[in-house]
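> Here you go, one structure.
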2 protein chains.
Amino acid sequence: MEKIGTKLSRAEQKARRPQEILEAAFEEFTANGYAATRVEDVAARLGVTKGTIYLYFPTKDELFEAMHRQMSAPFSDLRASVAVLEGSCSERLRALVRLAYEKVANDRRIRELLRLVLAEGARFPHMVDRHYEEFIAPVEDAIGALVREGVSSGEFRRTAVAVAPAVLVSPVLHATFLRLMFADRRPFDETTFMEAHIDLVLNGLLMRNG
Amino acid sequence: MEKIGTKLSRAEQKARRPQEILEAAFEEFTANGYAATRVEDVAARLGVTKGTIYLYFPTKDELFEAMHRQMSAPFSDLRASVAVLEGSCSERLRALVRLAYEKVANDRRIRELLRLVLAEGARFPHMVDRHYEEFIAPVEDAIGALVREGVSSGEFRRTAVAVAPAVLVSPVLHATFLRLMFADRRPFDETTFMEAHIDLVLNGLLMRNG
DNA sequence: TATCACTGACTATCGGGTTAGTCAACAGTC
DNA sequence: GACTGTTGACTAACCCGATAGTCAGTGATA
């Protein structure tokens, strides 16, 4: 644990600044969007002035992009978690869905980042593309592989889902956006939602043996 | 059809202006977001100047809100379409899903409006709430009623989906956001996606009689 | 010719980016 | 351990282009 109240040396402070600035930038940009965020607001969050920000980042634009790069890191975490799942295909699918709720819908930072990608995507196509390559594609691939494995082992039906595996996790996105839209203004029972999701995905709606 | 090139009377022109302005505002606000859109850009789209806009709307803020109110109208259309579906529950569900793709994922205006709601929601909570009341809630209610009917008629399994019917249409949202993110940069086969969606929702992944 | 929808030049303000200047932290000397 | 010169992270005041909102004037229409 860091000692509280200890004044940092100049070198220490300088080493921490970029981190701190990106952190503050994340809060401001996600709260207000790119255009409506002032560099001064980011600075104020740290108790420094605008000039300081410009010592570390050349423009507002580059600050934004650096922030997004920084904050995308947790995504690779999800990829790693998916890789080590064990059990039958349906067990692994269950676990993957649970993991997706935990790491995406439930993580405020990831939620806000997703909103940012969608909201500012038109102005920052790099961001959208990195987002796809680092996050969406690997997850889709993992799910696709899982479904194909289940089909060839006879555990899953031969189904059109194999060619569009993304539909399996759509409710996670749905939950994420509901939480983004309503924050705490409207209650959202995620457990119920997730159980419905898993049940639907495995069993479907139709009565069996009908 | 309106005659082309016919000059409108002053009264006609004046009567049309608010419509025209809202239309132009929609294009600009959805393309650039609220903060980055200049009132002058909206005016330029009509070949008029900024002053004209302010003859019809007192502030940029009110222009934005009026635009959103105006553009929300097509949503009620979807509600009406859902109400008149016929056939068995699964037939109606299929039809409803198809309709959702057609009216939401495939409609550029609705897509952009959705992005706007998400992007600017923090600054315009009225907008989010109206969006929920006019669109999300009625659709969720309709789906919920359909599922309950199917369950009690024995056509559908007694399932957790009944308490979170939104999961049934999540892939529509997913498709909408993919199209928003990648516009035309990445191909998206909606037919395949939709077929996978319907198959999943009705039958699930697991092998039957297993 | 009277009206009024529209113009376009104007003001006030805001915010990205710059830079001369400040002062606490450090290093070297005694 | 005190004294002193140097460094460099940070500040504060500034510049300037951009944009929300205003209003006296204009010219086509009825």
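> What's the average, rounded to a whole number, of partner chain beta-carbon atoms within 10 Å of each residue's beta-carbon in A:189-195?
Details: counts 2, 1, 1, 3, 6, 3, 6.
Per residue, the number of nearby Cβ atoms from other chains is 3 on average.
> Hey, how many Å between the Cα centroid of the range B:15-60 and the Cα centroid of the range B:140-210?
38
> Would you mind getting me the FRET efficiency between A:Arg148 and A:Ala73? Use the beta-carbon distance for r and R0 = 25 Å, nearest 0.05.
Numbers: r = 29 Å, r/R0 = 1.18.
The calculated FRET efficiency here is 0.30.
> Using the Cα centre as the reference, give the magnitude of the dipole from point charges on the C-beta atoms of the range B:127-206 (Lys, Arg: +1; Asp, Glu: -1; all else neutral), rounded to the nearest 20 debye. Please list the in-between numbers first.
Numbers: 7 positive and 12 negative charges, 50 e Å.
I would put it at about 240 debye.
> Per-residue Cβ counts within 10 Å, from other chains only, averaged over A:117-126: what number is that?
The shielding value for this peptide is 5.
> Which of A:Pro138, A:Ser76, A:Phe182 sits closest to the plus end of the dipole of the range A:72-203, meaning its Cα is farthest towards the positive end, when Lys and Arg get +1 and Asp and Glu get -1 on the C-beta?
So the residue we want is A:Phe182.
> With a 10 Å cut-off between alpha carbons and a GNM built on chain A, which of A:Val104, A:Val147, A:Val167 moves the most?
Looking only at A:Val104, A:Val147, A:Val167, the biggest GNM fluctuation is shown by A:Val167.
> Note the angle between two axes, namely the Cα long axis of helix B:190-203 and the longest principal axis of the Cα atoms of chain B, as a number of degrees from 0 to 90, rounded to the nearest 10.
40
> What is the angle, in °, between the Cα long axis of helix B:108-120 and the longest principal axis of the Cα atoms in chain B? Nearest 10 is fine, range 0 to 90.
In chain B, helix B:108-120 runs at an angle near 80 degrees to the longest axis.
> On average, how many beta carbons from a partner chain sit within 10 Å of the beta carbon of a residue in A:132-141?
Averaged over the peptide's residues, the number is 1.
> How far apart, in nm, are the 7 Å Cα→Cβ label points at A:Gln19 and B:Ala15?
6.7
> Give me the net charge of A:Arg130's neighbourhood, meaning all other residues with Cβ under 12 Å from the Cβ of A:Arg130; Lys, Arg count +1, Asp, Glu -1.
Neighbour charge sum, excluding A:Arg130 itself: -3.
> Hey, what's the Cα Rg ratio for the protein assembly as shown versus the globular rule of thumb, 2.2 N^0.38 Å?
1.11
> Here's another thing I want to ask about it. Choose one answer from B:Val151, B:Val84, B:Val48: the residue with the largest mean-square fluctuation in a GNM of chain B with alpha-carbon springs under 10 Å.
In the Gaussian network model the winner is B:Val84.
> Now for a different question. Quick check on packing: order A:183-193, B:111-121 by the mean number of other C-beta atoms within 10 Å, highest mean leading.
For the peptides A:183-193, B:111-121, the packing ranking is B:111-121, A:183-193.
> Would you mind giving the average projected area, over all directions, of the Cα convex hull of the range A:1-57 in nm² with one decimal?
With every direction weighted equally, the projected area is 4.5 nm².
> A further question follows. Rounded to the nearest 0.05, what FRET efficiency do A:Glu86 and A:Asp189 give with R0 = 22 Å and r taken as the Cβ-Cβ distance? Could you check?
My answer for the efficiency is 0.15.
> Further question: Got the A:Pro18 label distances to the other copies yet, label 7 Å along Cα→Cβ, in nm, shortest first?
Relative to the other copies, A:Pro18 has label-point distances of 5.5 nm.
> OK, next. Which of B:Lys60/B:Lys103; A:Lys14/A:Lys60; A:Lys50/B:Lys60; A:Lys50/A:Lys103; A:Lys60/B:Lys14 have a Cα-Cα distance over 31 Å?
Checking Cα-Cα distances, A:Lys50/A:Lys103; A:Lys60/B:Lys14 exceed 31 Å.
> Working from the pairwise distances between different alpha carbons, so that the mean of 1/r is found and then inverted, what is chain B's Kirkwood radius in Å? Don't skip to the end; give the middle numbers.
Working: mean 1/r = 0.0509 Å⁻¹.
Hydrodynamic radius (Kirkwood, Cα pairs) of chain B is 19.6 Å.
> Still on this structure: Which value, in square angstrom to the nearest 100, describes the accessible area buried between chains B and A on both sides, using a 1.4 angstrom probe?
5400
> Provide the three semi-axes, in whole Å and in decreasing order, of the ellipsoid equivalent to the range B:80-203 as defined by the square roots of 5 times the Cα gyration tensor eigenvalues.
26, 19, 12
> Dipole of the protein assembly as shown, Cα-centred, from +1 at each Lys and Arg C-beta and -1 at each Asp and Glu C-beta, to the nearest 20 debye?
Dipole about the Cα centre, nearest 20: 540 debye.
> Let me ask you something else. Counting only helical runs of four or more DSSP H residues, what would the 222 nm mean residue ellipticity of chain B come to if each run contributes -39,500 (n - 2.57) and the total is spread over all its residues?
Helix-only estimate at 222 nm: -21000 deg cm²/dmol.
> Under the Kirkwood approximation for Rh and a Cα-based Rg, what ratio Rg/Rh is obtained for the range A:159-210?
Checking Rg against Rh, the ratio lands at 1.08.
> Find the eigenvalues of the gyration tensor of the Cα atoms of the range A:67-123, then list the square roots of 5 times those eigenvalues as equivalent ellipsoid semi-axes, largest first, in whole angstrom.
26, 11, 9
The values are calculated or read from the model by the stated rules, or taken from the named source; none is laboratory data. Since we're looking at a predicted model, the values are computed, not measured. Note: ideal-geometry Cβ built from the backbone for every residue, glycine included; neighbour counts use all protein chains shown. The area values use the complete protein model at the heavy-atom level, side chains included, leaving out ligands, DNA and RNA. Shrake-Rupley method; radii C 1.70, N 1.55, O 1.52, S 1.80 Å.
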